[in-house]
Amino acid sequence: MSQTTGATPDVRLVLLGRQGAGKGTQAARLAEAYDVPHISTGDMLRVAVKEGTPLGRKAKEIMDAGHLVSDELMVGIVNERIHLPDAARGWLLDGFPRTVAQGEALEAITADLPLDLVVNLEVPEDVVLKRISERRVCSTCGAIYSLSSPPTNPWTCDVCGGRVVQRDDDTEEAVRKRLDAYTADTAPLLPFYGERKLLVEVDGEGSPDEVFARLRTAIDARVTARG
Ligand code: AMP
């Protein structure tokens with residue numbers, strides 16, 4: 001059963017969309033608005049790579065090549081994360097599930113408190129290619145910038161003062177592989193969630209504020225209907 005105990009209702013969300021659709025930017029804003037943790041599996045892996053943990057050592061080559069880390073590894077990481085105390089009132093998953101097998105596993109590990117909604121942030125492939133080539137990220141906290149909205153001081157994160165860089169996997173070759181992986185492995189999640197009546201499509205083109213407003217409208221409608 002869902003419940004409303006704090007100022008915002010409990011909410012469990014998945015954000016789907018191509019690389020560069022704006023998931024990271026919007027997920028951070030939504031997590032703040034609904035007061036739930038933003039769980040980005042890509043960010044978790046990048047931290048593990050940076051720290052040189054066993055997981056990071058396993059993941060680095062796979063990520064740099066634009067391939068997917070194994071379902072087994074990813075499900076284990078997410079299962080642990082969504083059961084931490086700060087996720088008791090809900091969570092927002094960004095970058096997971098990435099395959100139908102991960103979607104099925106998520107269903108199993110959230111059987112007691114199931115998903116409320118899956119939002120597909122729709123942005124055409126030519127637009128995401130341009131966005132990714134201009135994307136820059138903070139190597140410390142993961143804050144996202146672009147050549148058209150850079151940090152105030154060159155290469156220095158406004159949030160934490162970390163170094164702003166281009167992601168290792170944002171090279172043209174790796175991006176094309178990731179977009180192919182999206183079409184082959186992740187896009188089948190759209191009918192998967194459509195059949196479960198959990199899917200809503202949101203237009204991801206426009207300014208970040210416009211997209212955020214659309215997302216809030218879609219999510220609020222679902223949370224209100226759920227009660
Ligand atoms: P992202 O930041 O979501 O684009 O993820 C960056 C990279 O991390 C991906 O290209 C994959 O190599 C890996 N990754 C992130 N999330 C997953 C996942 N759910 N399943 C498999 N690999 C993932």
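The values are calculated or read from the model by the stated rules, or taken from the named source; none is laboratory data. Bear in mind the structure is a predicted one, so any value in this text is a computation, not a measurement. With ideal geometry, Cβ positions are generated from the backbone for all residues, glycine too; neighbour counts draw on all protein chains shown. To get the accessible areas, we keep the full protein, side chains included, count just its heavy atoms, and leave off ligands, DNA and RNA. Shrake-Rupley method; radii C 1.70, N 1.55, O 1.52, S 1.80 Å.
Rounding to the nearest 20 debye, state how big the charge dipole of the chain is about its Cα centre with +1 on each Lys and Arg Cβ and -1 on each Asp and Glu Cβ.
Magnitude of the dipole: close to 300 debye.
In nm, to one decimal, how far is the residue 73 label point from the residue 209 one, both placed 7 Å along Cα→Cβ?
In this crude label model, residue 73 to residue 209 measures out at 4.1 nm.
By a straight-distance test (C-alpha under 12 Å), which aspartates and glutamates pair with residue 60 as possible cross-link partners, with residues fewer than eight away in the same chain excluded?
Hits, sequence-local ones excluded: 51, 168, 169.
Label the chain by shape, choosing from rounded, prolate and oblate, from the square roots a ≥ b ≥ c of the eigenvalues of the Cα gyration tensor; if a/c is under 1.5 it is rounded, and otherwise prolate applies when a/b is larger than b/c, oblate when it is not. Intermediate results must be reported in sequence, preceding the final value.
Values: a/c = 1.41, a/b = 1.28, b/c = 1.10.
Rounded, since a/c falls under 1.5.
Setting aside same-chain residues fewer than 8 positions from residue 197, which lysines have a Cα under 22 Å from its Cα?
Of all the lysines, those that pass the test against residue 197 - Cα under 22 Å, at least 8 places apart if same chain - are 23.
Restricting to bridges with both residues inside the stretch 75-227, how much of the DSSP beta-bridge set is antiparallel, in percent to the nearest 5?
Antiparallel bridges make up about 60 percent of those DSSP assigns within the stretch 75-227.
Give, in nm to one decimal, the length gained when the segment between residue 146 and residue 168 is fully stretched (0.36 nm per residue of separation minus the Cα-Cα distance).
This chain segment gains 6.4 nm when fully extended.
Before anything else, pin down the relative contact order of the stretch 1-140: Cα pairs under 8 Å, at least 6 apart, normalised by residue count, whole percent.
That works out to 42 percent.
Could you work out what % of the accessible surface of the chain is carbon and sulfur, using a 1.4 angstrom probe and leaving DNA, RNA and ligands out of the count?
Values: 6270 of 11310 Å².
It is 55 percent, rounded to a whole number.
Using the heavy atoms of the protein chains and a 1.4 angstrom probe, tell me the accessible area per residue for the chain in square angstrom.
Result: 50 Å² of accessible area for each residue.
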